[in-house]
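Shown next, in C-alpha cells, is the structure this report addresses.
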Amino acid sequence: MAILKPFRGIRPPVQLAKDVASRPYDVLNSEEAKEEAKDNPYSLLHIIKPEIDCPAGTDEHDPAVYEKAEENFRKFREKEWLVQDDEEQLYIYAQTMNGKTQYGIVGCAGVEDYLNGVIKKHELTRKEKEEDRMKHVRVTNANMEPVFFTYRAVDEIDRIVEDVVKKEDPVYDFTADDGVGHHFWVISDSGVIDRIAELFGKIPYTYVADGHHRTAAAALVGNEKKKNNPNHTGKERYNYFMAVHFPDNQLSIIDYNRVVKDLNGLSATAFIEKLGEVFEVEETGEKEYKPDSIHNFGMYLEGQWYSLKAKPGTYNDNDPIGALDVTVLSEYVLDRILGIKDLRTDKRIDFVGGIRGLGELKKRVDKGEMKVAFALYPVSMKQLMDIADTGNIMPPKTTWFEPKLRSGLVVHSLD
C-alpha cells in the first residue's frame, strides 16, 4: 500500500513564487535555460540547470556544474528566496490549462515503495540520465523538483481536496508566460493530513506519470544513504522523496508524434503502396488531419495529409503492448518499411510532443528537414496503468503529459 508523508517544505515567499517557479530541467536545453533565466536571478533554473551560471562552453556534467547547483541552492536559502516551513505539511498543487484544472496532492512517497513495486513505472530509464540526477540530489541533499504521479481516484480524497480549496485561498496563484495557471495551497491541519495519509495507505499502487529519471534518482540516492548509515532507523527524511499525486480521472495524455528524415530509398508512391498492405490509406488533402480514434494515424507527405487506418491483424487489443498505436507504427512502418530498428538511437527519427500541434509536423517536413510525419492518437490513462500493472514497458516516447509541473514551488530536504 502507498506511503504518503507530510514534510517541511522549502518554499519561496509569496511575492517571489512566480519568479522562482521554472519549467522542469528536462524540457529545456542549456541555451534555452540561460535565455529564460537571464533577467531573473530568482529562477530555480539557476539550481536545476546550473551550467547557465558557469563559463561558456562548460559541459553540463562537469563537476563544477554540480558544485554550482549546491552553491546556488545555499545562496537561495541565505537570501530567503527559499524558506523552510516550521511544521510538516501536505500541499495541494493545481494547474489550469484550456479551462480545465487538475488538483494534485504534494507529499513524500516512499523509497521502499519504489524499490518493491508499489510505485509502478511504464518507461525504461537510462543510466547516464539517472546518474546525472543522482549527482544533483547528492550535492543539494534535496529533491529540488517534484515528480508527477497518478493513482486510481478515491472519492474521499477528492472531497477533502475540494473542501480545502473551497475554504482557503491559495498561497500562490499566478499564470505563467505560457498561459497555464498555477495554484498552491498548504494543508496544515493534522487531522486532515492524517486522514489523507490513511486513505493513501489503502491505495495498492501509485504510478509514475512523468519524471521516471528523477524518480529513479531520488529513490536510488535514498537507498544509498540508507546503506551508508550504520545507525539507520527508517525514519530519516532520505527514506522519502517529493511527488505530486494526481487522481487518474483528472489527467489526460496528449499525442506524441514522429517525424522521419527519409523514406529508406523508396519513392513516395512506392512507400504509400507498401503502407496499403497494412493500412487503409486515404488522402485527405492539404488540411491537417488529426486521428480521431485508436488505430487511426495521420500522415503528412509531400504537401498532403493522409488518414491511415490499421487493418485487423496489425494490433492485438488483448495485449497491453500490442494494442498501442506506437507499437503498430514502430513494427509495420518504422521497422519493416523504413528500416528504423531502435527508436532510442536512430538519428533518422525525431519525436514531437502534441503540445506543439500538427503544424509543427508540417513545418518540419515542408522545410526539408524531414520527409514524412506521423500523427498518433493519444494513449489513455487506462492503457498506461494496464501496462504498468502487467509489468510491461511502453515503447520510447509514447506519453506526453501537459501541463508540466513548475519546479520551485516547494522543495524537499533530505536532512
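The values are calculated or read from the model by the stated rules, or taken from the named source; none is laboratory data. Treat the numbers as computed from the prediction; the structure is a model and nothing was measured. Quick reminder, even Gly has a Cβ in these numbers, built from the backbone with ideal geometry, and neighbours come from all protein chains shown.
Okay, here's what the table says:
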{"item": "Options Gly368, Gly339, Gly353, Gly357: the member that is farther than 23 Å from Arg214 by Cβ, at pLDDT below 95, in the same structural domain as Leu266 (by TED's automatic domain parsing) and surrounded by fewer than 21 Cβ atoms within 10 Å (Cβ to Cβ)", "result": "Gly357"}
{"item": "Residue in region 124-158 that is surrounded by the fewest Cβ atoms within 10 Å (Cβ to Cβ), counting only those that are within 14 Å of Tyr25 (Cβ to Cβ) and of a type in the set (Lys, Arg)", "result": "Lys129"}
{"item": "Residue count, region 174-209 (criterion: of a type in the set (Phe, Trp, Tyr), surrounded by fewer than 19 Cβ atoms within 10 Å (Cβ to Cβ) and assigned to a strand (DSSP E or B))", "result": "1"}
{"item": "Every residue from region 1-23 that is in contact with a helix residue (DSSP H, G or I) (Cβ under 6 Å, 6 or more places away or on another chain) and in a loop (DSSP other than H, G, I, E, B)", "result": "Ala2, Ile3, Leu4, Pro6, Pro12"}
{"item": "Single residue of Pro403, Pro396 found to be under 30 Å from Asp19 (Cβ atoms) and either part of a loop (DSSP other than H, G, I, E, B) or in the same structural domain as Gly276 (by TED's automatic domain parsing) (or both)", "result": "Pro403"}
{"item": "Of the criteria (1) over 19 Å from Arg133 (Cβ atoms); (2) at pLDDT 95 or above; (3) not aliphatic (A, V, I, L, M), which one Cys54 fails", "result": "(1)"}
{"item": "Of the criteria (1) closer than 27 Å to Met381 by Cβ; (2) touching a Gly at 6+ places or on another chain (Cβ under 8 Å); (3) at pLDDT 95 or above, which one Ile254 fails", "result": "(3)"}
{"item": "Qualifying residue in region 251-270 (condition: surrounded by 19 or more Cβ atoms within 10 Å (Cβ to Cβ), part of a helix (DSSP H, G or I) and in contact with a Pro (Cβ under 8 Å, 6 or more places away or on another chain))", "result": "no"}
{"item": "Single residue of Val118, Val111, Val65, Val106 found to be among the β-branched types (Val, Ile, Thr), touching an Asp or Glu at 6+ places or on another chain (Cβ under 9 Å), assigned by TED's automatic domain parsing to the domain that holds Asp158 and in contact (Cβ under 8 Å) with a residue 40 or more places away in the chain", "result": "Val118"}
{"item": "Among the residues listed as Gly99, Gly107, the single one being among the small types (Gly, Ala, Ser) and either touching a strand residue (DSSP E or B) at 6+ places or on another chain (Cβ under 6 Å) or closer than 19 Å to Val244 by Cα (or both)", "result": "Gly107"}
{"item": "Residues (of a type in the set (Gly, Ala, Ser) and either within 18 Å of Leu263 (Cα to Cα) or assigned to a loop (DSSP other than H, G, I, E, B) (or both)) located in region 321-378", "result": "Gly322, Ala323, Ser330, Gly339, Gly357, Gly368, Ala373, Ala375"}
{"item": "Residue check, Asn239 touching a residue at least 60 places away in the same chain (Cβ under 8 Å) and in contact with a helix residue (DSSP H, G or I) (Cβ under 6 Å, 6 or more places away or on another chain)", "result": "yes"}
{"item": "Criterion (β-branched (Val, Ile, Thr) and more than 19 Å from the chain's Cα centre (by Cα)) met by exactly one of Thr125, Thr96, Thr101, Thr140", "result": "Thr140"}
{"item": "Any chance Glu112 is surrounded by 15 or more Cβ atoms within 10 Å (Cβ to Cβ), at pLDDT 95 or above and touching a strand residue (DSSP E or B) at 6+ places or on another chain (Cβ under 8 Å)", "result": "no"}
{"item": "The listed residue being modelled with pLDDT under 95, part of a helix (DSSP H, G or I) and either at negative phi or surrounded by fewer than 15 Cβ atoms within 10 Å (Cβ to Cβ) (or both), out of Asp59, Asp26", "result": "Asp26"}
{"item": "Filter result for the condition that a residue is farther than 30 Å from Gln89 by Cβ, assigned to a helix (DSSP H, G or I) and in the same structural domain as Ile105 (by TED's automatic domain parsing), over Glu51, Glu36", "result": "Glu51"}
{"item": "Enumeration of residues in region 312-335 that are surrounded by fewer than 15 Cβ atoms within 10 Å (Cβ to Cβ) and either touching a residue at least 12 places away in the same chain (Cβ under 8 Å) or not charged (D, E, K, R) (or both)", "result": "Pro312, Gly313, Asn316, Asn318, Gly322"}
{"item": "From the options Val244, Val186, Val260, Val221, residue that is more than 21 Å from the chain's Cα centre (by Cα) and farther than 30 Å from Tyr289 by Cα", "result": "Val186"}
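Let's see how each residue does on (1) at pLDDT below 95; (2) under 24 Å from Lys363 (Cβ atoms); (3) not in a strand (DSSP E or B):
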{"site": "Lys226", "(1), (2), (3)": "no, no, yes"}
{"site": "Phe241", "(1), (2), (3)": "no, no, no"}
{"site": "Val244", "(1), (2), (3)": "no, no, no"}
{"site": "Val281", "(1), (2), (3)": "no, yes, no"}
